[in-house]
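Take a look at the structure set out below.
Read-outs: derived from the displayed coordinates by stated rules, not from any lab. These numbers come from a predicted model, not from an experiment. Here the Cβ positions follow ideal geometry from the backbone for every residue, glycine too, while neighbour counts run over all protein chains shown.
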Ligand code: MUC
Ligand code: MG
């Protein structure tokens, strides 16, 4: 037994209210369920991670509740009694017991990185290769909203936080009405900021080929995952035919998926969510594949709270391949956070916190207030 030995893995389910409902293609979230994971080392050091999906299981099948079952029953027993500096071996051993379940694995991967870095008195960024940058651009994402509310929210966010680009969720309702809504919004903003759309894989090929050219004409600068995750051929067709950069999100949930998209030249940008990929180590492999293939990477989000967002931020700040900015805005969508200090958002960027590990401490009164019994 050493100070680095994992003594406990504690999990608790939180429900953190949002500042406004966030409408996705098939689901509207009013609170974000977060599984807070605490890894306690024998020497007393603690590390934190978050099990998070965007609102619920609609995105990839996992939910905060399934993550609790998988972590408590299957991943924690593999971790306990092992030294945290065996991290990659522990992750490898997970594969023998639990297939897929990448969001759950990401939560414990991050908590182990945080605990290990704190025990060494270094930042998580140092464990991932060290300093490449200290901050990154943040795109603000709007849910599905009526035109006047969307314009008001964009104006307000430009004023308060200096965001330079905005992501608009699509894919709910009639594609014709949905496309008109975005074209009118683009008109109203008159090129003041960049507009991107995320259809969350809801359109079939014909719908995408019919409506994406109209969105291109309206000035949309990036198409995120218009068509189903498995359909790499259609994604390539859109990438080569329409002339607007395409970002693969649901199509890339592993390094092998990134390789398939790269080989097919099916996208220009990879949405790199440390959650859907199973954590920081798998994210590193994915970024390396994208970089070698000449694809850009975007620091994407599953609407993580403070610890999950900080983990993705440390990753982005250690990774040259993240050349397409980020959308690490999750904590700003929460009505209230649950750390003693908040991440700093200003001038369109989020800044890497100082201090060991992820650089954040839980505020236990707030954690208790959000905890489900
Ligand atoms: C996604 O699919 O990109 C991130 C922000 C947002 O509004 O949706 C998510 C998930
Ligand atoms: Mg997406």
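Calculate, in nm to one decimal, what residue 92 and residue 147 gain on full extension: separation in residues at 0.36 nm each, minus their alpha carbon distance. Walk me through the numbers before you get to the answer.
Numbers: separation 55, 0.36 × 55 = 19.80 nm, distance 4.76 nm.
Taking residue 92 through residue 147 to full extension adds about 15.0 nm, to one decimal.
With a Förster radius of 25 Å applied to the C-beta separation of residue 31 and residue 260, the computed FRET efficiency comes to 0.10. Can you give me the Cα centroid spacing of segment 66-143 and segment 246-277 in angstrom? Segment 66-143 and segment 246-277 have Cα centres separated by 20 Å.
One chain, two ends: residue 351 and residue 156. Fully extended at 0.36 nm per residue, the span grows by 68.1 nm beyond their Cα-Cα distance. Distance from the C-alpha centroid of segment 4-39 to that of segment 310-373: 13 Å, rounded to the whole angstrom.
According to the square roots a ≥ b ≥ c of the eigenvalues of the Cα gyration tensor, what is the shape class of segment 82-191, taking rounded for a/c under 1.5, prolate for a/b larger than b/c otherwise, and oblate for the remainder? Walk me through the numbers on the way to the answer.
Values: a/c = 4.37, a/b = 1.98, b/c = 2.20.
Since a/c reaches 1.5 but b/c is at least a/b, the shape of segment 82-191 is classed as oblate.
With a ≥ b ≥ c the root eigenvalues of the C-alpha gyration tensor of segment 6-121, is it rounded (a/c under 1.5), prolate (a/b larger than b/c) or oblate? Before the final figure, lay out each step's value.
Details: a/c = 2.61, a/b = 1.70, b/c = 1.54.
Cα axes put segment 6-121 in the prolate bin.
Entry note, the chain: relative contact order of 20 percent, from Cα contacts under 8 Å with a spacing of 6+ residues.
May I ask you to derive the relative contact order of segment 6-121, considering only C-alpha pairs under 8 Å and at least 6 residues apart, and to give it as an integer percent? Don't jump to the answer; show the numbers that get you there.
Working: 210 pairs, mean separation 35.1, N = 116.
Reported as a whole number, the value is 30 percent.
Largest GNM mean-square fluctuation among 246, 151, 39, using the chain with Cα springs under 10 Å: 151. By DSSP, the beta bridges lying fully in the chain are antiparallel in about 55 percent of cases.
Under a Gaussian network description of the chain, with springs only between Cα atoms under 10 Å, the residue in 106, 117, 256 that fluctuates furthest is 256. From least to most packed, judged by other beta carbons within 10 angstrom and beginning with the fewest, 313, 195 follow the order 195, 313.
If the chain between residue 100 and residue 214 were fully stretched, how many nm would it gain, using 0.36 nm times the residue separation less the Cα-Cα distance? Don't skip to the answer; put the middle values down first.
On the way: separation 114, 0.36 × 114 = 41.04 nm, distance 3.72 nm.
Contour length minus the Cα-Cα distance gives 37.3 nm.
The calculated 222 nm mean residue ellipticity attributable to helices in the chain amounts to -11500 deg cm²/dmol, summing -39500 (n - 2.57) over DSSP H runs of n ≥ 4 and dividing by all residues. Residues of segment 1-19 with an amide N closer than 14 Å to a point placed 7 Å from the Cα of residue 72 along the Cα-to-Cβ direction: 9-14.
Placing one equal scatterer on every Cα of the chain and applying the Debye formula, the log10 ratio I(q)/I(0) at q = 0.08 Å⁻¹ is -0.37.
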